[in-house]
Structure formats: C-alpha cells, structure tokens
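This report refers to the structure that appears directly beneath it.
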Amino acid sequence: MAGEIPNLAESNLRALVVDDNLVNQMMHHKLLDRLGIQNDVVCNGQEAVDVHCSGRNYDLILMDMEMPIMNGIQATKRLREMGIESKIAGVTTRAEEEERKEFMEAGLNDFQEKPLTISKLVSILHNLDFCDQT
Amino acid sequence: MGKFMQGYLDEQFMELEELQDDANPNFVEEVAASYFKDSARLINNIDQALRRGPLDFNRLDSYMHQFKGSSTSIGASKVKTECTMFREYCRAGNAEGCLRTFQELKKEHATLRKKLEHYFQVQASDQLCVINQLQNMC
C-alpha cells in the first residue's frame, strides 16, 4: 500500500456502511476504523433510511447498490428527498456505464468500484474533501 | 502469502491482511469464517434452484452476484472466475453451462477452504513459535 494512511480520529467523522453482504460489512467497517472514522453498519437501504428517521446523522455514507428490500438507488433518492445532505459514495461491483449513471443521478457525491481498499477509501475521502491528498 | 496460495487468492487478500492489527488480531480468520458461512448458504440455495425445472436464471444470477461479491472482497480469484462464467451462462440461458460451471465452482471453493484452513493453522503455529522463543529469551 503506497503512501501514509491518514488518521482522521480527531476529525470526529461519522460514517454509515450500507451493505447486505456480511463480508463487505466487516471489511468496510474495519477500513473506516483503520482511518479513525467511527461507523455504524446497516443491511439495506430501508435500514439506512430508518436510522436517519431515528435522528442519527452521518458525514459519510458508503452505499452498496444491489440490496434487498430497498436498493442503493432507491435509498439514495429517499435520503435526498428527506433533505439528508451527507456525502454519499456509491460502492458496487456493478460498474456498467448505464448503472453507474443511474446511481450517480440518484444523488451520489462519489462512486467507487468494489472491492473497497484503503487506497480507494482514501480517494473517496479526498474527493469529498474529508482529508488532504497524501 | 506464499506459493501455496498463489492463484487461489489475489492482492485483495493482502488488503485484508493489512487490516489485521492488535485490536483485531484474528480479523482475517473472522472474515474468512464469515465468507465460508455465507457461501455455504449460497451454494445450498443454488443447488436447490438448479434441481428445480425450468431454471430461474434471474434468481440464479442474483445468488451468484452475491457469491461473486463476497469472493471478490476476500480475494478468492478462482472462485470469482467461476462465478463470472456461471453468470454468463445464466444470461445466455444455458442450463448445461450453469450446471457444469457450478460443479467447478464447488471444487474451487472446497480447495480454497482447505488451503485457508491450513494457512491459518500455520499462522497460529508460527505465532506460538515466536512466543516460545521470546519466553526462552527471558
């Protein structure tokens, strides 16, 4: 892994991982932990909406696209309709142009192809102005 | 990772290893355990779906999308390749191709499981050696 890994613990950032896959949940949670970012994990778009309705808010949301009950596109649209201004990064294996375009147009701020790595997460954080480029 | 695992795991597995630290000393093994638990469920679902006729290629593709996702995240390159092929056969509506690829996938998955079990045993044994050496130095 090239470059230094930023420690953002002092930034007090909070993130939400939205993914139905347990392996991805574990990985994304640990990736954010490693960067010093507190984070919660939910299993689908509906839970992401529910957690916001309960009053929680996040600086960053890592949103998977394909999930049961409510997928990432639907969840992103719903969150934006609710007035949620958190930065939302779409993270998915589905990277065909049309699908990516549809996901971005739902209200994403950034997009990364899975599997997520430290470098890709740092890239998201840089793109969304959470940290300086290292 | 060594020649033992070459071809079966790609650089994504090394990303997992990089995440292991003192706070989570068994992180990789825990992720692997989750992967095999989840993939066993998916294999069972796909097995059952393949026994029903006519095949529901959309459902099969959906299961395999999940399987491929997990396999990609853990770095299981050979399993991932079989998942990709299976999905292509689903899209083509090729039942025989699906059945044949699924058999290969199960073989690769079983081999990966054995190799990872051995890998974690060796890791645990190496750690024990280090601890013994340190104790002998005191």
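Give the residue that is farthest from the other protein chains (Cβ to nearest Cβ), with candidates limited to residues of region A:90-110 that are in contact with a Leu (Cβ under 7 Å, 6 or more places away or on another chain) and under 25 Å from B:Y63 (Cα atoms).
Among residues in region A:90-110 that are in contact with a Leu (Cβ under 7 Å, 6 or more places away or on another chain) and under 25 Å from B:Y63 (Cα atoms), the one farthest from the other protein chains (Cβ to nearest Cβ) is A:G90.
Do you know which of the residues in region B:91-123 that are out of contact with any Leu (no Cβ under 7 Å at 6 or more places or on another chain) and of a type in the set (A, V, I, L, M) is nearest to B:A40 (Cα to Cα)?
B:A110
Could you list all residues from region B:27-48 that are more than 13 Å from the chain's Cα centre (by Cα) and either among the aromatic types (F, W, Y) or within 12 Å of chain A (Cβ to nearest Cβ) (or both)?
The one that is more than 13 Å from the chain's Cα centre (by Cα) and either among the aromatic types (F, W, Y) or within 12 Å of chain A (Cβ to nearest Cβ) (or both): B:F27.
Which residue out of A:E66, A:E10, A:E47 is away from chain B (no Cβ under 14 Å) and modelled with pLDDT under 95?
Checking each option against the conditions leaves just A:E10.
Here are some conditions: (1) more than 14 Å from chain A (Cβ to nearest Cβ); (2) over 18 Å from the mean Cα position of the chain (by Cα); (3) not hydrophobic (A, V, I, L, M, F, W, C). B:R91 meets all but one. Which one does it not meet?
(1)
Kindly indicate whether B:M14 is surrounded by fewer than 18 Cβ atoms within 10 Å (Cβ to Cβ), touching a residue at least 60 places away in the same chain (Cβ under 8 Å) and either at the interface with another protein chain (Cβ under 10 Å from one of its Cβ atoms) or aromatic (F, W, Y) (or both).
yes
Could you tell me whether any residue of region A:73-89 is within 13 Å of chain B (Cβ to nearest Cβ) and within 30 Å of B:A32 (Cβ to Cβ)?
no
Of a type in the set (D, E) and touching a residue at least 12 places away in the same chain (Cβ under 8 Å): which single residue out of A:E99, A:E81, A:E105 fits that description?
Just one listed residue meets the conditions, A:E99.
Looking at A:V51, is it within 19 Å of A:K87 (Cα to Cα), under 14 Å from the mean Cα position of the chain (by Cα) and either of a type in the set (A, V, I, L, M) or surrounded by fewer than 23 Cβ atoms within 10 Å (Cβ to Cβ) (or both)?
no
How many residues does region A:79-113 hold that are in a helix (DSSP H, G or I) and surrounded by fewer than 19 Cβ atoms within 10 Å (Cβ to Cβ)?
So the count comes out to 10.
Somewhere in region A:114-125, is a residue assigned to a loop (DSSP other than H, G, I, E, B) and more than 14 Å from chain B (Cβ to nearest Cβ)?
No, that holds for no residue.
The values are calculated or read from the model by the stated rules, or taken from the named source; none is laboratory data. Given the structure is predicted, the values throughout are model-derived calculations rather than measurements. As a convention, Cβ positions derive from the backbone with ideal geometry for all residues, glycine included, and neighbour counts pool all protein chains shown.
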